[in-house]
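The block underneath contains the structure these notes are about, expressed in structure tokens.
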């Protein structure tokens, strides 16, 4: 019989392993910095800096390969809280956070803080309301949990289908970010980069499932955190002489304000949320950084915050990680670590934006057009910064300086005149976090398609469990690559729409499933269906975040979906009072913090039954539902 | 109420803790958002106060609240386990 998860211990050498990973990466940075001083070319530096860590991730994925079902789907339930926190933070922030959120703060300043605040608060809401109970349930996927909770295959399959939009959109956004960085720093086309990234994350996930997602994700998080910390701290030292960017960028507000006035940036009025969000193409920055509620009203700020908070709380890719630690207490602790790391990043992003804005405005927008810095032509060729003296006044004003939102983070080291190796380091950090998030989303999608659709539909279980998961993961990676090659995707709008879908579809359903024992299968279906329908309607009418022609903005629609879903779930549960004894027992047991996971106990009972009656066709109690 | 007073007490306290922590954080966020423009006339560490609270202050509050929640909930769970053993 397998060892209960609460008695399992993590590998005692994990700290040493990741110490070696960290040391190796720091050594690589130092080595390449020396090579740069010795005259190594930028191509050699960027290729080594980006490809060497990829080889390391692949090595870790091979080392954590597994054919055990429990290892594949929940990493053996023995991941230490801090390591789960690493992957939770990388999944929540992602490449979208590192590049796109920072760029959004650059353009919107004060108003963009709603996004970071929403992510962080969402992790708290999920950690308090959902995570401990999902850990106790122990199901491998979110739809499996809902299926077991309501003893319903229909709920399980429906949840798997409605989980597709939020998870697939986030997967596409993260892959796009990784591909964009690869195109800028490696000699590859966008299509080749997308296909290579899809193959890389596909192989990583297929080799070890949740186990390899966890251990490669931890390494990717460390590489990303080191890269960001080194670059931003160095810029902070260059600009303020103090290595604490989060504390020092406040000192620069008066200089920034002066630079903005010189460049012709004037206060603006809100013009709807969709119009406020910056697009991916290079655009002029027309809003003062510190102006509160200039691009969106207070109500828009609050609804965007709440939509993202509820979406993050109910995000399947984060909640799927609720079963990987050895106990409920450890799971709570890991969420707290993840939240701390997300908060650290979100507190750092405005510093990056302020540093970049001050440097760009001082070096470009306040000098004569004939004295522009040399690096500008390089960024112009890469479509990151475009400028021209359109009005012929001999200077570049803010309206003549077009900057790509997603390039701000990558531009910063060069604009601060740091060695090229730090630009490559920033790119490595961005790609590492994007890959960590993409593998999490890919695993969530593939595992759910295999477990909650294929295994439920194919009663004869033609394919073994892991083979079905491998096939689903490979197919999902391929589909994501094809989608990215043929479709134009804006990572910001796609990621925000994904979180809006997650909030509308899953928040009310999970709230009722976990906190209201009288919720019935009809109630769950009504809550999930209503929330999903509201979002589909909003996308059909308003085009998601892509268009702002309708008063029904995506965050408002998402919050309406949550509210209507709650009402529909309660009404349907009260009308069809069919809650069975088994469902009530499941609810009571789910709230008991002691003992093993419900799913594991069901598996152990099934295994014991199979031993007693080897000829009988034993069906695990949990999966029978 | 059920026949398990320790269990009922644990569930009630867990619910109160969850509501207390979430309502505190959400209230703090909404109060800060509605008063941010007014707060910006005051300074803190060279930042306008309203901006500082939304960019850093609330995150510190949320992180502290989360670790506090973990500690209190662990104690509630331990108390339930002890009470059930005695019962």
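Of all the listed residues (A:58, A:169, A:88), the sole one being out of contact with any strand residue (DSSP E or B) (no Cβ under 8 Å at 6 or more places or on another chain), within 14 Å of chain B (Cβ to nearest Cβ), in a helix (DSSP H, G or I) and in contact (Cβ under 8 Å) with a residue 24 or more places away in the chain is A:88.
Looking at region B:61-87, which of its residues are at the interface with chain A (Cβ under 8 Å from one of its Cβ atoms) and either closer than 16 Å to residue A:338 by Cβ or touching a helix residue (DSSP H, G or I) at 6+ places or on another chain (Cβ under 6 Å) (or both)?
Our first condition is that a residue be at the interface with chain A (Cβ under 8 Å from one of its Cβ atoms); within region B:61-87, this holds for B:62-63, B:65-67, B:69-70, B:73-74, B:77, B:80-81, B:84.
Of everything in region B:61-87, those that are at the interface with chain A (Cβ under 8 Å from one of its Cβ atoms) and either closer than 16 Å to residue A:338 by Cβ or touching a helix residue (DSSP H, G or I) at 6+ places or on another chain (Cβ under 6 Å) (or both) turn out to be B:62, B:63, B:65, B:66, B:67, B:69, B:70, B:74, B:80, B:84.
Being part of a helix (DSSP H, G or I) and at the interface with another protein chain (Cβ under 9 Å from one of its Cβ atoms) is the filter here, so list the residues in region B:41-60 that pass it. Write out each step before concluding.
Going through region B:41-60, the residues part of a helix (DSSP H, G or I) turn out to be B:49-60.
Those that are part of a helix (DSSP H, G or I) and at the interface with another protein chain (Cβ under 9 Å from one of its Cβ atoms): B:50, B:51, B:52, B:54, B:55, B:56, B:58, B:59, B:60.
What number of residues within region B:3-19 are loosely packed, with under 14 Cβ neighbours inside 10 Å and either within 20 Å of the chain's Cα centre (by Cα) or at the interface with chain A (Cβ under 8 Å from one of its Cβ atoms) (or both)?
Residues of region B:3-19 that are loosely packed, with under 14 Cβ neighbours inside 10 Å, as a first pass: B:3, B:5, B:8, B:12, B:15-16, B:19.
This time we only want the ones that are either within 20 Å of the chain's Cα centre (by Cα) or at the interface with chain A (Cβ under 8 Å from one of its Cβ atoms) (or both), so: B:12, B:15-16, B:19.
The total comes to 4.
Applying the condition of being more than 14 Å from chain B (Cβ to nearest Cβ) and not in a helix (DSSP H, G or I) to region A:572-595 and asking which residue is farthest from residue B:85 (Cα to Cα) yields A:576. Residues in region A:194-210 that are crowded, with 24+ Cβ neighbours inside 10 Å and assigned to a helix (DSSP H, G or I): A:194, A:197, A:198, A:201, A:204, A:205, A:208, A:210. Within 14 Å of chain B (Cβ to nearest Cβ), buried (at least 24 other Cβ atoms within 10 Å of the Cβ) and either touching a helix residue (DSSP H, G or I) at 6+ places or on another chain (Cβ under 6 Å) or more than 14 Å from residue A:316 (Cα to Cα) (or both), is that true of residue A:142? Taking the combined requirement at face value, the residue does not satisfy it. Kindly indicate whether residue A:326 is within 22 Å of residue A:74 (Cβ to Cβ), at pLDDT below 95, more than 10 Å from chain B (Cβ to nearest Cβ) and not in a helix (DSSP H, G or I). So residue A:326 passes the test.
Residue pairs whose Cβ atoms lie under 7 Å apart, separated by 6 or more positions or on different chains, with the first residue in region A:559-584 and surrounded by fewer than 15 Cβ atoms within 10 Å (Cβ to Cβ) and the second outside any helix (DSSP H, G or I), are A:576/A:520; A:577/A:520; A:578/A:520; A:580/A:151; A:582/A:151; A:584/A:517. Residues in region A:27-58 that are surrounded by 14 or more Cβ atoms within 10 Å (Cβ to Cβ), within 17 Å of residue A:225 (Cα to Cα) and over 25 Å from the mean Cα position of the chain (by Cα): A:28, A:29.
If only one of A:463, A:425 is surrounded by 24 or more Cβ atoms within 10 Å (Cβ to Cβ) and out of contact with any strand residue (DSSP E or B) (no Cβ under 7 Å at 6 or more places or on another chain), which one is it?
Details: A:463 fails: surrounded by 24 or more Cβ atoms within 10 Å (Cβ to Cβ).
None of the others qualify; the one that does is A:425.
Looking across region A:294-305 at every residue that is surrounded by 24 or more Cβ atoms within 10 Å (Cβ to Cβ) and within 12 Å of chain B (Cβ to nearest Cβ), the one that is farthest from residue A:591 (Cα to Cα) is identified as A:296.
Taken over region B:20-40, residues that are more than 7 Å from every other protein chain (Cβ to nearest Cβ) and more than 21 Å from residue A:132 (Cα to Cα) amount to 7.
For region A:385-413, a tally of residues being touching a residue at least 12 places away in the same chain (Cβ under 8 Å) and surrounded by fewer than 21 Cβ atoms within 10 Å (Cβ to Cβ) returns 9. Restricting the search to region A:212-249, which residues are within 30 Å of residue A:75 (Cβ to Cβ) and surrounded by fewer than 24 Cβ atoms within 10 Å (Cβ to Cβ)? Selection gives A:222, A:225, A:226, A:229, A:230.
Among the residues of this structure, residue A:122 counts as one that is within 14 Å of another protein chain (Cβ to nearest Cβ), crowded, with 24+ Cβ neighbours inside 10 Å, modelled with pLDDT of 95 or more and farther than 30 Å from residue A:470 by Cα. Scanning region A:254-271 for residues that are in a loop (DSSP other than H, G, I, E, B) and out of contact with any helix residue (DSSP H, G or I) (no Cβ under 8 Å at 6 or more places or on another chain) gives A:266, A:267, A:268, A:269, A:271. Would you say residue A:127 is on the phi > 0 side of the Ramachandran plot, within 14 Å of chain B (Cβ to nearest Cβ) and in a helix (DSSP H, G or I)? In short, no.
A single member of A:251, A:291 is assigned to a loop (DSSP other than H, G, I, E, B), within 14 Å of chain B (Cβ to nearest Cβ) and either out of contact with any strand residue (DSSP E or B) (no Cβ under 7 Å at 6 or more places or on another chain) or touching a residue at least 24 places away in the same chain (Cβ under 8 Å) (or both), and it is A:291. Look at (1) without any contact (Cβ under 8 Å) to a residue 12 or more places away in the chain; (2) under 17 Å from residue A:101 (Cα atoms) and you find that residue A:285 fails only one, number (1).
The values are calculated or read from the model by the stated rules, or taken from the named source; none is laboratory data. From a predicted model like this one, the values you see are computed outputs, not experimental measurements. Glycine also receives a Cβ, built like all others from the backbone with ideal geometry; neighbour counts cover every protein chain displayed.
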